Amino acid sequence: MGKNLPVDVHVGARVRQRRALLGMSQTNLADAVGLTFQQIQKYERGFNRIGSSRLYEFAKILNVPVSYFFEEMPANVLLGRALPMRARKGLGEAGTPFSPDSDPMIKRETFELVRAYYKIREGRVRKRVFDMIKAVGAASHAELLAGRKPPKGRRGGG
């Protein structure tokens, strides 16, 4: 194909995100649809475009509607073009302040945290854990904005 288009990169990233969230390996997904894990890698990186029938298969296997793969699409992708290089610097998927290499939404730690969170059966307890994490994150962000460095044990994890 030559050039990977922003929509192909986004859809591939959503496949990877959902697969990882389910704890499924590339090999498991490949086996489920009759492909090699290398082909899954190419789809997930947006190097190869995913056809509609293949996307439908992925949706069934990953237990999401086909529309899931198009959700949270950045404005530049909706417009059908890549961001200019100067606008891309410091931006990851969906305009987050993360580069694609350090985006926490694709880290194993994030998926493990989400899976552990949803293993909490009691809704009230889960809500309190959620509120606590938000409060700690907000306090840490406020420290950062105030120019204070976090104590040694709290520097970047990942």
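Below are the figures for this structure:
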quantity: Unmet criterion (only one of (1) part of a loop (DSSP other than H, G, I, E, B); (2) within 21 Å of Asn4 (Cα to Cα); (3) modelled with pLDDT of 90 or more) for Val64; calculated: (2)
quantity: Filter result (within 13 Å of Phe69 (Cβ to Cβ), in a helix (DSSP H, G or I) and of a type in the set (A, V, I, L, M, F, W, C)) within the range 1-53; calculated: Val7, Val9, Val11, Ala13, Val15
quantity: Matching option when the condition is in a helix (DSSP H, G or I) and either at pLDDT 80 or above or outside the structural domain of Met73 (by TED's automatic domain parsing) (or both), among Ala142, Ala94; calculated: Ala142
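Residue by residue, here is whether (1) over 28 Å from His141 (Cβ atoms); (2) modelled with pLDDT of 95 or more; (3) of a type in the set (Phe, Trp, Tyr) holds:
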residue: Leu21; (1), (2), (3): no, no, no
residue: Leu29; (1), (2), (3): yes, yes, no
residue: Phe37; (1), (2), (3): yes, no, yes
residue: Glu44; (1), (2), (3): yes, no, no
residue: Val77; (1), (2), (3): no, no, no
residue: Glu109; (1), (2), (3): no, no, no
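The values are calculated or read from the model by the stated rules, or taken from the named source; none is laboratory data. Quick caveat, the model's predicted, so the values are computed rather than measured. We place every Cβ from the backbone using ideal geometry, glycine too, and count neighbours over all the protein chains shown.
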